[in-house]
1. Quick one: count up the residues across segment 44-65 that are over 12 Å from Ala160 (Cα atoms) and either among the aromatic types (Phe, Trp, Tyr) or free of Cβ contacts under 8 Å to residues at least 24 places away in the same chain (or both).
2. Restricting to segment 12-57, what's the tally of residues that are small (Gly, Ala, Ser) and part of a loop (DSSP other than H, G, I, E, B)?
3. It is to be established whether one or more residues within segment 121-136 are assigned to a helix (DSSP H, G or I), more than 16 Å from the chain's Cα centre (by Cα) and surrounded by fewer than 13 Cβ atoms within 10 Å (Cβ to Cβ).
4. Can you name the residue in segment 1-11 that is of a type outside the set (Gly, Ala, Ser) and assigned to a helix (DSSP H, G or I) and, of all such residues, is farthest from Ala61 (Cα to Cα)?
5. Tally time: how many residues in segment 26-74 are at pLDDT below 95, over 20 Å from Leu124 (Cα atoms) and of a type in the set (Val, Ile, Thr)?
6. Restricting to segment 137-165, name every residue that is under 16 Å from the mean Cα position of the chain (by Cα) and assigned to a loop (DSSP other than H, G, I, E, B).
7. Any residue in segment 88-104 that is without any contact (Cβ under 8 Å) to a residue 40 or more places away in the chain, in a helix (DSSP H, G or I) and hydrophobic (A, V, I, L, M, F, W, C)?
8. Being of a type in the set (D, E, K, R) and within 18 Å of the chain's Cα centre (by Cα), is that true of even one residue in segment 44-52?
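The values are calculated or read from the model by the stated rules, or taken from the named source; none is laboratory data. These figures come from a predicted structure and were not determined experimentally. Here the Cβ positions follow ideal geometry from the backbone for every residue, glycine too, while neighbour counts run over all protein chains shown.
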Amino acid sequence: MALPLDEAMKDRLASAQADLAAAGAKVRWVAREALHLTVKFLGSVEDRALGDVCAAAADAAAQVEPFRIGLTGLTPVPAAGALRMIWAAVDEPTGRLERLNALLEAACEALGFKAEKRAYRPHLTLGRVKGGRNLAELRAAAAAYADVDFGDCAADELIAFASELGPQGPTHTALSHARLGGP
């Protein structure tokens with residue numbers, strides 16, 4: 001379940017991805033059209049549970065008023081050691097994003113999904129590192145974006161996505177759309 005980004009923010013993030021790709025590291029970059037802010041990841045969901053999951057998403061969305069999310073800086077993760085991913089930090093000072101996550105966690109746990117043991121740390125993944133080539137160059141390229149403000153956009157819709165992993169990465173299909181704050 002995720003919040004979509006507006007087109008201008010996707011453009012700014014895709015431009016940064018292109019700059020980082022020039023470092024020559026082996027990274028699977030998230031496709032521009034697939035850029036979104038994950039609020040709750042479920043993993044494998046049986047077909048018979050899809051309706052309940054979509055209903056839980058709509059119920060949680062109705063309980064949280066719309067807000068704005070900002071993205072600032074790119075971060076190599078982890079900061080030291082074997083690099084696994086590049087992400088953008090999320091700025092959302094109202095607490096509504098965390099509330100939405102908590103509502104989704106509770107609803108999904110009630111449906112029989114395992115509760116997430118880690119605290120929710122909102123971030124937007126731009127790429128996952130797939131090899132050890134040119135990682136110092138990739139870290140240096142990301143450092144140039146450490147304080148870049150990618151802007152903000154409205155968070156007014158929650159989408160329940162189905163994700164199918166293929167050779168070029170995941171393909172996302174929207175199963176449901178729910179307006180934050182109700183219909």
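1. The number of residues fulfilling the criteria is 4.
2. Of the residues in segment 12-57, the ones small (Gly, Ala, Ser) are 14-16, 18, 21-25, 31, 34, 43-44, 49, 51, 55-57.
Right, trim to part of a loop (DSSP other than H, G, I, E, B) and you get 22-25, 31, 43-44.
Total meeting the criteria: 7.
3. At the first step, the residues of segment 121-136 found to be assigned to a helix (DSSP H, G or I) are 135-136.
Now restrict to residues that are more than 16 Å from the chain's Cα centre (by Cα): 135-136.
Subsequent filtering for residues that are surrounded by fewer than 13 Cβ atoms within 10 Å (Cβ to Cβ) retains 136.
Taking every residue of segment 121-136 in turn, at least one turns out to be assigned to a helix (DSSP H, G or I), more than 16 Å from the chain's Cα centre (by Cα) and surrounded by fewer than 13 Cβ atoms within 10 Å (Cβ to Cβ).
4. As a first pass, look at segment 1-11 and keep what is of a type outside the set (Gly, Ala, Ser): 1, 3-7, 9-11.
From what is left, the residues that are assigned to a helix (DSSP H, G or I) are 7, 9-11.
Details: Glu7: 22, Met9: 22, Lys10: 23, Asp11: 26 Å.
For segment 1-11, the residue satisfying everything is Asp11.
5. Matching residues across segment 26-74 total 2.
6. Asp156
7. So the first thing to find is which residues in segment 88-104 are without any contact (Cβ under 8 Å) to a residue 40 or more places away in the chain, and the list is 89, 93-95, 98-99, 102.
Keeping just the survivors that are in a helix (DSSP H, G or I) gives 98-99, 102.
Still in the list and also hydrophobic (A, V, I, L, M, F, W, C): 102.
Yes, segment 88-104 contains at least one residue that is without any contact (Cβ under 8 Å) to a residue 40 or more places away in the chain, in a helix (DSSP H, G or I) and hydrophobic (A, V, I, L, M, F, W, C).
8. Within segment 44-52, the subset of a type in the set (D, E, K, R) is 46-48, 52.
From what is left, the residues that are within 18 Å of the chain's Cα centre (by Cα) are none.
So far as segment 44-52 goes, no, none of its residues is of a type in the set (D, E, K, R) and within 18 Å of the chain's Cα centre (by Cα).
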